Amino acid sequence: MDATVNTMDLTDTMVMFDWNGTVVLDADRARASLNSVLEARDLGALDTDGFSRKFRLPMKNMFRDLGVHPLDLAVAEAEWNHHMTQTPTRLRAGTNAALLALSEAGAWLGVVSAASAKAVQFDQRSLSVLPVLDVVDAEVADKVAQLVLHRARRKHAFYIGDTEYDMVAASAAEYIPIGVSGGYSSERVLRKAGATHIVESLGEIMALVAHTDCGRK
């Protein structure tokens with residue numbers, strides 16, 4: 001990170017993050033949690049490729065497509081969230097450094113995620129995520145609506161996510177969508193859904209946000 005980036009004034013900028021697959025690299029944990037829910041209902045387990053193809057948000061839609069009874073959708077999602085708090089995962093490379101740099105530059109930071117509040121708090125504690133987030137919105141059923149609620153806070157807004165739904169929601173709420181690889185969706189899917197950039201490490205976010213040629217608007 002160069003000196004220009006280090007001294008950037010980002011007080012007019014908001015950077016919001018998805019959680020699962022974005023801040024934490026937990027696709028394996030998510031697949032195991034999903035399979036626990038499916039196997040308890042004799043619906044069969046998904047392999048890695050099947051998970052990549054079938055995982056989507058909102059989760060109630062995914063569970064319905066996987067054969068969960070409509071009256072059982074809320075319970076299935078609650079079970080998935082419970083399983084997600086049972087196994088530690090790992091933090092995406094560059095996360096704490098990026099959060100610190102963005103915070104010190106004055107950016108308003110937050111999380112908008114479908115994950116349960118308990119799951120996010122579990123990860124924050126077990127992975128020692130820096131306490132610099134201005135807001136953490138968990139258990140979000142409609143990401144577009146939640147992102148819109150925050151949009152007026154800053155002139156420039158970015159949403160970082162790892163699924164097609166994240167990219168579509170970001171664009172719909174007038175955020176710049178940035179995709180991250182190695183999460184729940186492929187780079188091809190993210191680009192097709194509108195990602196302006198694809199990054200591997202969150203350490204790349206500061207430079208993208210700080211420079212106007214990345215499409216700030």
**OP:** State which residue pairs qualify: first residue over 23 Å from residue 57 (Cα atoms) and inside the stretch 118-145, second residue open to solvent by 40 Å² or more (accessible area, probe 1.4 Å) and among the charged types (D, E, K, R) in any location, beta carbons under 8 Å apart, and separation of 6 or more residues or different chains.
**Re:** 127/90
Original post:
From the list 174, 187, which one is closer than 21 Å to residue 51 by Cα and more than 14 Å from the chain's Cα centre (by Cα)?
Top reply: 187
**OP:** Look through the stretch 102-117, keep the residues that are in contact with an Asp or Glu (Cβ under 9 Å, 6 or more places away or on another chain) and either over 22 Å from residue 166 (Cα atoms) or of a type in the set (Val, Ile, Thr) (or both), and return whichever of them is surrounded by the fewest Cβ atoms within 10 Å (Cβ to Cβ).
**Re:** 106
Subject >> strands (runs of 3 or more DSSP E) contained entirely in the stretch 118-217, each with at least 3 residues that are of a type outside the set (D, E, K, R) and open to solvent by less than 10 Å² (accessible area, probe 1.4 Å) >> reply: 156-161, 176-180
Original post:
Here is a list of conditions, (1) closer than 23 Å to residue 147 by Cβ; (2) within 16 Å of the chain's Cα centre (by Cα), and residue 28 meets all of them except one; can you say which number that is?
Top reply: (1)
**OP:** For residue 114, work out the one condition from (1) at pLDDT below 95; (2) assigned to a helix (DSSP H, G or I); (3) under 22 Å from residue 147 (Cα atoms) it doesn't fulfil.
**Re:** (2)
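Being among the hydrophobic types (A, V, I, L, M, F, W, C) and surrounded by fewer than 19 Cβ atoms within 10 Å (Cβ to Cβ) is the filter here; which residues of the stretch 70-90 pass it?
71, 73, 74, 75, 78
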Original post:
So, of the residues in the stretch 36-74 that are in a helix (DSSP H, G or I) and of a type in the set (Phe, Trp, Tyr), which turns out to be farthest from residue 182 (Cα to Cα)?
Top reply: 63
**OP:** Inspect all residues belonging to the stretch 177-187 and state whether any of them is modelled with pLDDT of 95 or more and not β-branched (Val, Ile, Thr).
**Re:** yes
Original post:
Checking residue 13 against (1) under 20 Å from residue 158 (Cα atoms); (2) under 16 Å from the mean Cα position of the chain (by Cα); (3) open to solvent by less than 20 Å² (accessible area, probe 1.4 Å), which single condition isn't satisfied?
Top reply: (2)
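The values are calculated or read from the model by the stated rules, or taken from the named source; none is laboratory data. Keep in mind that what you see is a predicted model, and the values were worked out from it rather than measured. FYI the Cβ positions are ideal-geometry reconstructions off the backbone, even for glycines, and counts take in every protein chain you see. Please note that ligands, DNA and RNA were not included when accessible areas were found on the heavy atoms of the full protein model with its side chains. Shrake-Rupley method; radii C 1.70, N 1.55, O 1.52, S 1.80 Å.
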